[in-house]
Amino acid sequence: MPCTRPLEPPADGDPAARARAAAFQEWFVGWLDTTPAVVVSRPSAMESNSSKPYQAQLIGRSGFAVPETLVSDAPDEILAFRARHGRIVYKSVSGIRSIVREFTDADESRLALVRGLPTQFQAYVPGQDVRVHVVGEDTYAAAVDSDAIDYRYADQGGESARLAPHDLPPDTARRCVALAASLGLPLAGIDLRRTPDGAWVCFEVNPMPAYSYYEAHTGLAISSALVAYLDGRRAAVPVGV
């Protein structure tokens, strides 16, 4: 069965109803981790994304390159990191969604805000974004053309993002499947960037990817592959893209 994001009980309303919702949620999450049924994906397996620096170490062990990263709440360290790399971006340390932004001169005046709030900074990696959805042993890749730092929110800056199916090199596709399997994720959205010199850099593995967005813009048969996987079958026409 597909797994949804655990929902927090409502913050207001009847205290007894909140307690019942919390108890059911705790039981349901425990059941998802222990049932012999097919679950996509088990809550315990999704936990690697709760700490992006930790997950980056797991990604590096898989053979993918990862951006040089600094997690810090010290302005001097952050400025030194920027001086070393020239262009850097910042994002959430946890699994909570955040907009990836480039650190600019204007941000220097706000650096005091990070004290006591460790933030993740990464060296900017040039190249083209490629989102790879892994379903079991199959991969479905979408190339993204956008000038935005975070193409998911391109329209907020008056920019656009254009998606198209992408042919992954066979070794990269195999590495994506192996990475998802090592994390215990039968369904995963892997964020890659292909650099101008042809190298592949991995930013993150999303354990609950919004695959419908990519399918709607590319025609990739991700949902059909997921249905086949849940039914114990492989997609009728496995796609190595």
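The values are calculated or read from the model by the stated rules, or taken from the named source; none is laboratory data. The structure displayed is predicted, hence computed values, not measured ones. Positions of Cβ are backbone-derived with ideal geometry, glycine not excepted, and every protein chain shown enters the neighbour counts. What goes into the accessible areas is simple: the full protein's heavy atoms, side chains included, and nothing from ligands, DNA or RNA. Shrake-Rupley method; radii C 1.70, N 1.55, O 1.52, S 1.80 Å.
Quick notes
- Among the conditions (1) closer than 30 Å to VAL38 by Cβ; (2) touching a residue at least 24 places away in the same chain (Cβ under 8 Å), the only one that GLU68 does not satisfy is (1).
- Residue within the range 79-91 that is loosely packed, with under 15 Cβ neighbours inside 10 Å, at pLDDT 95 or above, within 21 Å of the chain's Cα centre (by Cα) and assigned to a loop (DSSP other than H, G, I, E, B) present: no
- Taken together, GLY232, GLY219, GLY198 contain a single residue that is over 24 Å from SER41 (Cβ atoms), out of contact with any strand residue (DSSP E or B) (no Cβ under 6 Å at 6 or more places or on another chain) and open to solvent by 40 Å² or more (accessible area, probe 1.4 Å), which is GLY219.
- Pairs linking a residue in the range 38-63 that is of a type in the set (Gly, Ala, Ser) to a residue that is assigned to a helix (DSSP H, G or I) and open to solvent by less than 20 Å² (accessible area, probe 1.4 Å), with Cβ atoms under 7 Å and 6 or more positions apart or on different chains, are SER48/GLN55; SER62/LEU179.
- Residue selected from the range 124-139 under the condition in a strand (DSSP E or B) and either closer than 16 Å to ARG194 by Cβ or of a type in the set (A, V, I, L, M, F, W, C) (or both), by the criterion most open to solvent (accessible area, probe 1.4 Å): GLN128
- In the range 63-78, the residues that are open to solvent by 50 Å² or more (accessible area, probe 1.4 Å) and farther than 20 Å from VAL201 by Cα: ASP73, ASP76, GLU77
- Residues located in the range 140-160, provided they are assigned to a loop (DSSP other than H, G, I, E, B) and small (Gly, Ala, Ser): ALA148, GLY158, SER160
- Within the range 199-224, the only residue that satisfies the criterion of being in a helix (DSSP H, G or I) and touching a Pro at 6+ places or on another chain (Cβ under 8 Å) is THR218.
- Per the conditions (1) surrounded by 15 or more Cβ atoms within 10 Å (Cβ to Cβ); (2) in contact (Cβ under 8 Å) with a residue 12 or more places away in the chain, the sole criterion not satisfied by ALA210 is (1).
- Taken over the range 34-57, the criterion of being buried (at least 18 other Cβ atoms within 10 Å of the Cβ) and not in a helix (DSSP H, G or I) is satisfied by VAL39, VAL40, SER41, ARG42.
- GLY60 of a type outside the set (A, V, I, L, M) and in a helix (DSSP H, G or I): yes
- Taking the range 103-123 as the range and being touching a residue at least 40 places away in the same chain (Cβ under 8 Å) and either crowded, with 19+ Cβ neighbours inside 10 Å or in a loop (DSSP other than H, G, I, E, B) (or both) as the test, the residues that pass are ARG115, GLY116, LEU117, PRO118, GLN120, PHE121, GLN122.
- Residue ID - nearest to ILE190 (Cα to Cα), chosen from residues in the range 143-161 that are at pLDDT below 95 and open to solvent by less than 20 Å² (accessible area, probe 1.4 Å): ASP150
- Residue match in the range 184-191 (condition: open to solvent by less than 50 Å² (accessible area, probe 1.4 Å) and more than 15 Å from the chain's Cα centre (by Cα)): no
- Count of residues meeting criterion [free of Cβ contacts under 8 Å to residues at least 60 places away in the same chain and assigned to a helix (DSSP H, G or I)] in the range 168-184: 7
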